[in-house]
């Protein structure tokens, strides 16, 4: 008799014990594409700068959106082919994306947005791979729901995907206790700042105001000068706005995190299957006298 175990809850780890799956490799490739897209203005042809540039990356946004969509679909297909994902997994992903998109309508001060709550919780519960997909799909769904489609969309998708993936890499410290939720709330606060820190790079290289030149990048700046200028720009223009996003994440996790995490963990247990091979025998099931 043989015993085999299929643990769907553990297959979402981005760094498996032995080797990366094809789905994980595809998503790592997608992340590399995102990083290259954010950083390309610093290494490619000099971008056209202006005092306000709301259409940054308008020339390549559609290509980036198409590529990240295709890579995400390829990752899902690879996961289905290797039995890492199944119909139940996709159903949970779709449900989380739909609810997360609706949470974007919750009003709040500054950069607060409820859209990040479920990607953070899903990433923490199921792992980095699932968290990346949850963040990416949630931002895509919310953009179409709110009419927020523009050249910024693929960059928002990447940044939200990274938020979910980072949440999936957080160690589970004292699970089932208040400390776990408190730590996760702190992570949510930092991830709110992280999202803004990354997203500003979408337009920052395309903006220049001579009267405040110290805040902006100019071709020829050294890496250290770029970091200093961006740090100054972020602290002055974006930190307070992003802090509201982080505080909103933390508040939602403190209030709703425990029951949502229990719900997701119940789904995780339902994805755990154990089966045995029945021995082959020609003997009748009941003895005959």
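The values are calculated or read from the model by the stated rules, or taken from the named source; none is laboratory data. Owing to the predicted nature of the structure, the values given are computational and were not obtained by experimental measurement. Here the Cβ positions follow ideal geometry from the backbone for every residue, glycine too, while neighbour counts run over all protein chains shown.
Here are some notes:
- Odd one out for residue 206, checked against (1) crowded, with 20+ Cβ neighbours inside 10 Å; (2) modelled with pLDDT of 90 or more: (2)
- Per-region count, region 100-124, residues touching a helix residue (DSSP H, G or I) at 6+ places or on another chain (Cβ under 6 Å) and either farther than 15 Å from residue 248 by Cβ or part of a helix (DSSP H, G or I) (or both): 14
- Residue within region 125-146 that is within 16 Å of the chain's Cα centre (by Cα), assigned to a loop (DSSP other than H, G, I, E, B) and farther than 24 Å from residue 247 by Cβ present: yes
- Qualifying residues in region 51-83 (those that are buried (at least 16 other Cβ atoms within 10 Å of the Cβ) and part of a loop (DSSP other than H, G, I, E, B)) - the one modelled with the lowest pLDDT: 53
- Being part of a helix (DSSP H, G or I), buried (at least 19 other Cβ atoms within 10 Å of the Cβ) and out of contact with any strand residue (DSSP E or B) (no Cβ under 7 Å at 6 or more places or on another chain) holds for only one residue in 235, 187, 227, and it is 187.
- Any chance residue 161 is surrounded by fewer than 18 Cβ atoms within 10 Å (Cβ to Cβ), in contact (Cβ under 8 Å) with a residue 12 or more places away in the chain and in a helix (DSSP H, G or I): no
- Meets criteria (closer than 25 Å to residue 135 by Cα, over 20 Å from the mean Cα position of the chain (by Cα) and surrounded by fewer than 16 Cβ atoms within 10 Å (Cβ to Cβ)) for residue 173: yes
- Within region 147-158, restricting attention to residues that are surrounded by fewer than 24 Cβ atoms within 10 Å (Cβ to Cβ) and in contact (Cβ under 8 Å) with a residue 24 or more places away in the chain, the residue that is nearest to residue 120 (Cα to Cα) is 156.
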